[in-house]
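The values are calculated or read from the model by the stated rules, or taken from the named source; none is laboratory data. Source: prediction; values computed, not measured. Cβ coordinates were reconstructed from backbone atoms using ideal geometry, including for glycine residues, and neighbour counts include every protein chain displayed. Quick note on the areas: whole protein, heavy atoms, side chains included, nothing else; ligands and nucleic acids left out. Shrake-Rupley method; radii C 1.70, N 1.55, O 1.52, S 1.80 Å.
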Amino acid sequence: GANFDIYGKPDKNLEENSTNQGYIEQVIGGSGRNVAEMLVKLGIETELITAIGNDEHGKIIADHCIKSGIRLDKSSIYENQKTSNYISLLDANKETRYAVADMTIMNKITPAVISKKKMDINHSELIILDGNLPESTIDFILTNFKKKKILVDPTSFEKAEKFVNNLKNIYMLKLNKK
């Protein structure tokens with residue numbers, strides 16, 4: 001996925017039921033997009049297949065990707081749809097205490113959408129998936145591209161369950177702590 005991330009870090013220990021003074025940062029994020037940017041920095045040609053809205057955050061993400069060298073030719077930009085957003089409340093040690101993710105637009109990436117891109121995907125050396133895709137799309141990719149090296153970042157413990165049925169088709173799995 002590619003999303004707009006907002007992080008809040010309090011100056012002191014996090015106080016519940018109170019406004020906490022601190023620092024708020026907005027960054028371009030998404031596990032898939034983050035990996036794509038790192039691959040480009042390593043000199044590897046990279047295409048990101050994602051869904052973004054034609055809203056302010058989507059335009060910022062698309063612009064950043066293009067300037068970073070990430071190709072978006074196979075991505076979809078949707079009118080009247082909200083780009084994925086993630087908000088994380090950190091503790092004083094910069095560890096996530098609470099997070100909310102709105103990845104609704106990722107439901108637009110269906111098996112039918114991926115099927116139309118099958119020839120392009122077959123030309124890739126590596127497929128990187130994150131857990132923001134619908135489970136049906138994840139299953140489709142893992143069963144239709146078995147011969148490819150597929151790296152997976154589920155992004156959360158809950159989303160990791162989407163990959164359980166196809167572990168044998170995963171080349172590498174990155175897990176987060178719960």
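The table for this structure:
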quantity	calculated
Whole-number percent relative contact order across the chain, with pairs defined as alpha carbons under 8 Å at least 6 apart	19
The chain, accessible surface, carbon-and-sulfur percent (1.4 angstrom probe)	51
Degrees between helix 135-144 axis and first principal axis of the chain (Cα, 0 to 90, nearest 10)	40
Of 74/162; 67/147; 9/117; 74/177; 67/148; 116/149, those spanning more than 30 Å from alpha-carbon to alpha-carbon	67/147; 9/117; 74/177
The chain: angle of helix 31-41 to the longest principal axis, Cα-based, in degrees nearest 10	70
Placed amide H near residue 22: partners under 5 Å, 5+ positions off or other chain	11
Dipole moment magnitude, nearest 20 debye, the chain about Cα centre, only Lys, Arg, Asp, Glu C-beta charged	780
Packing-based order for 3-16, 101-114, 26-39, using average beta carbon neighbours within 10 Å, highest first	26-39, 101-114, 3-16
Distance in nm between pseudo-label sites at residue 13 and residue 146 (7 Å out along the Cβ direction from Cα)	5.5
Contour minus Cα-Cα distance for residue 120 and residue 91 (0.36 nm per residue)	6.2 nm
Potential lengthening between residue 173 and residue 20 on full extension [0.36 nm per residue; Cα-Cα distance subtracted]	51.5 nm
Under-5 Å amide H pairs with residue 97, H placed in peptide plane, nonlocal only	89, 90, 91
Where labels lie 7 Å past Cα in the beta-carbon direction, separation of residue 45 and residue 60 in nm	3.1
